[in-house]
Amino acid sequence: MGAKRVSGKKDKGFYVTTPIYYVNDVPHIGHAYTTIAADVLVRYKRLSGRSVLFTTGTDEHGKKIQRSAEERGMSPKTLADSVVAKFVDAWKLLDIRNDVFIRTTEERHTRVVQEIWARLKANGDIYPGAYEGWYCTPDESYWTEKELVDGKCPSCGREVEKIKEESYFFRLSRYQQPLLRHIEANDGFILPASRRNEVLSFVRDGLKDLSITRSGFEWGIKVPGDPGLVVYVWLDALLNYLTAAGFMGDTDTFDDFWPPDIQLVGKDILKFHAVYWPAFLMSAGLPLPKQIFAHGWWTIEGMKMSKSLGNVVSPESLVDAYGTDATRYFLMREVPFGLDGNFSDTAMQTRINSDLANDLGNLLSRATGMVARFANGVLPVAGAQDQSDRALQEKAAQLYTAYSTAMDNIEFHNALSAVWGFIGEANKYVDQTRPWQDAKAGNTERLNTRLYTTIEATRIVAVYLLPFMPDAARKILSAIAQDAKAEGLNLGQLSAWGGAVPSVRIALAQPLFAKKPDSAKSDPAKTRADLSRPSKKMQEAPPAQNTAQQKQAPGTMGIDEFKKTELKVGTILSAQRVEGSQKLIKIEVDIGEKRTIVAGIGRSYSPEELPGKRIVVVANLRPAELFGIQSQGMLLAAGDAEHLGLLTLDRDVPNGTRIK
Ligand code: MSP
């Protein structure tokens, strides 16, 4: 696959890489994390008008893979082929748009490795010797006796093996000073800063020459001139970044994109990328990457993720339970990129319920619902602006700066938090300007401005979400009939105020993110496996007990009796008068599931002011039929028919939360 070009751009192409993943293991949340982050960054750069090359792939050679294949009774290549298919599928599922998928078993890569070998050798950096020391096969890394921790690998804590073999060495020691100078002179070369300091002290401590061959097994690239040996898998693997960019192949692409602008890696493989890799490149006379960014690790429900614990989270299970966009959103939002994070189903559900279904979902349903109701479904041209409209427009302009700065600094969580700040402002704008009152009073010009402003704010939100949640963002643009413009324009143009095209038809949008039920919280692992089925606990409420202590005084009841009433938090999605009744309003409400309620509040409220209100609903009333409509619950209100007040909440609690 060739890199996508944006014609007329003179900038150097922007090159982003992920590590290439070992094929002894199927894809998991850790692999997905780096790859999603790269994809988000790449989509942002493309949206900003840059020409981008995005590469990922698989690391298929070495002792570890050979051993894994032997254990499964298959050849390493057969194992690699089957696991590669799984990575390709996982990236499709997660909407990853890489340009190149590089496999280290490809012929083009062998040629690159042999060429670089020849360059290092010609530069006097390769010499023969013998290696004696420890080796961690799972990490494919060498350790000295002194470095071991309790006799185990200091990086992963697993068993190490003693090896003693003839090998070739790379003069890493020769690059200690040049490397130090480079890191010291370039603040942004290794990020975050804390990781840069670790690397600096590692390099200052002195660099020993590195064994770059292995013997005694076959599965690797043969050493030129010494076919009994294979190239050390990390040298082989790191060179993938050259092959994938077209080195010795597609020279135009290589000239356009080399060196990498950013290489994303996990913190565990930083030494290989920030020390060995630049030294190899210096020796080969090639420009160094501009930035190596080390991200943190995810634990699962507070535990280290491992096959032996059986808690490995796969991309498939996440997408099955939560969908692609919510998975991408969670991983980018929950934890600052660079720090460790903890995955839990509860945290995921909270994000979905409160950020996606509530904040974003409400904005979309209010924006589209108001156009549908007050403007016959046609987006009006905005009239004159007042202070409130101008204030929201100003916030949109500030969002551009906050968002782009965060994205340029690889602070995905900050970019999203800026977008959510703006969503909050847009929702507040609707609450405070109360467009339904203008509709009622016939203030058409003001109403038009409010409707346009709300749709415009929604459109701008969708534009900023394109890199993070490509599918949902496109669905929002399509729901507000603004998708035609999205292609071919850059972020600055797309996010400029006034971009929404008026006079288009808009219908009330369907919710994009369904609320996740509360019950799931009690059994998180089960949740991912099966979210759609309500738990048994939910279906069968325990019978109320009537013990001696609970014997009741007249006029009182026991707590168990009260608990029989299922009160739940909900958000009104839409409301309309029941034909033929002054008093009744038919309401659609989200209480973790959608319910229709016929409520006698029509003398105190107009249907227009109801959508978006957070209310309290009796959820376990037997359905009743009113004016031919089945009412599936009751909302709580106080006062007489003309002066009713709805019970609402003073804090944001997810829809469907049980009131206790
Ligand atoms: N093959 C080498 C990389 C060679 S790059 C020239 C390798 N592969 S790996 O499959 O073991 O790991 C790839 C990446 O997954 C690493 O960046 C690692 O940090 C990341 N993760 C593995 N488990 C992880 C978590 N639990 N959390 C976050 N990322 C983690 O290393």
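The values are calculated or read from the model by the stated rules, or taken from the named source; none is laboratory data. Small disclaimer: the values here were computed from a predicted structure and weren't measured. Note: ideal-geometry Cβ built from the backbone for every residue, glycine included; neighbour counts use all protein chains shown. Keep in mind that these areas ignore ligands, DNA and RNA; they rest on the heavy atoms of the full protein, side chains included. Shrake-Rupley method; radii C 1.70, N 1.55, O 1.52, S 1.80 Å.
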Given unit charges at Cβ for Lys, Arg (+) and Asp, Glu (-), the dipole magnitude of region 350-494 about its Cα centre in debye, nearest 20, is 420 debye
Note on the chain: the mean projected area of its alpha-carbon convex hull, in nm², is 36.3 nm²
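For A130 and K162 in one chain, what is 0.36 nm times their gap in residues minus the Cα-Cα distance, to one decimal in nm?
Values: separation 32, 0.36 × 32 = 11.52 nm, distance 1.33 nm.
Extending this stretch completely gives an extra 10.2 nm.
Provide the percentage of antiparallel DSSP beta bridges, counting only those with both residues in region 14-295; round to the nearest 5.
In region 14-295, DSSP labels about 50 percent of beta bridges as antiparallel.
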For the chain, the per residue accessible area (1.4 Å probe, Å²) is 44 Å²
Taking Cα atoms, the helix 387-408 axis meets the longest principal axis of the chain at an angle in degrees (rounded to 10) of 20 degrees
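Roll a 1.4 angstrom probe over the protein heavy atoms and tell me the percent of accessible area of the chain that is carbon or sulfur.
The value for the chain is 50 percent carbon and sulfur by accessible area.
Rounded to the nearest 500, what is the 222 nm mean residue ellipticity of the chain from helices alone, with -39500 (n - 2.57) per DSSP H run of 4+ residues and division by all residues?
On the way: 23 runs with 251 residues, N = 660.
It lands at -11500 deg cm²/dmol.
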Of all lysine pairs in region 559-646 that are eight or more residues apart or on different chains, those with Cα atoms under 18 Å apart total 5
Counting only backbone N atoms under 17 Å from a point 7 Å out along Cα-to-Cβ of A441, the residues of region 354-386 in range are 383-386
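Would you work out the charge dipole size for the chain about its Cα centre, treating the Cβ of every Lys and Arg as +1 and the Cβ of every Asp and Glu as -1, and quote it to the nearest 20 debye? Spell out each step's value before the answer.
Numbers: 82 positive and 79 negative charges, 244 e Å.
Here the size comes out at about 1180 debye.
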Ordered by number, the trypsin sites (Lys or Arg not before Pro) in region 173-257 that occupy a DSSP loop and have at most 16 other Cβ atoms within 10 Å are K208
Taking a ≥ b ≥ c as the square roots of the Cα gyration tensor eigenvalues, with a/c under 1.5 meaning rounded and otherwise prolate when a/b beats b/c or oblate if not, region 14-295 comes out rounded
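Checking the table K12/K63; K304/K475; K64/K152; K395/K660; K77/K290; K63/K146 against a 27 Å threshold on Cα-Cα, which pairs fail? Could you put the intermediate results ahead of the total?
Values: K12/K63 38 Å; K304/K475 36 Å; K64/K152 17 Å; K395/K660 38 Å; K77/K290 34 Å; K63/K146 24 Å.
Violating the 27 Å Cα-Cα cut-off are K12/K63; K304/K475; K395/K660; K77/K290.
Work out the length of the dipole vector of region 22-124 about its Cα centre, built from +1 on the beta-carbon of each Lys and Arg and -1 on the beta-carbon of each Asp and Glu, and round it to the nearest 20 debye. Provide the component values of the computation, followed by the final result.
Working: 17 positive and 13 negative charges, 72 e Å.
It comes to approximately 340 debye.
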Per DSSP loop assignment and a cutoff of at most 13 other beta carbons within 10 Å, the chain keeps its longest run without exposed GluC sites (Glu not before Pro) at 219-486
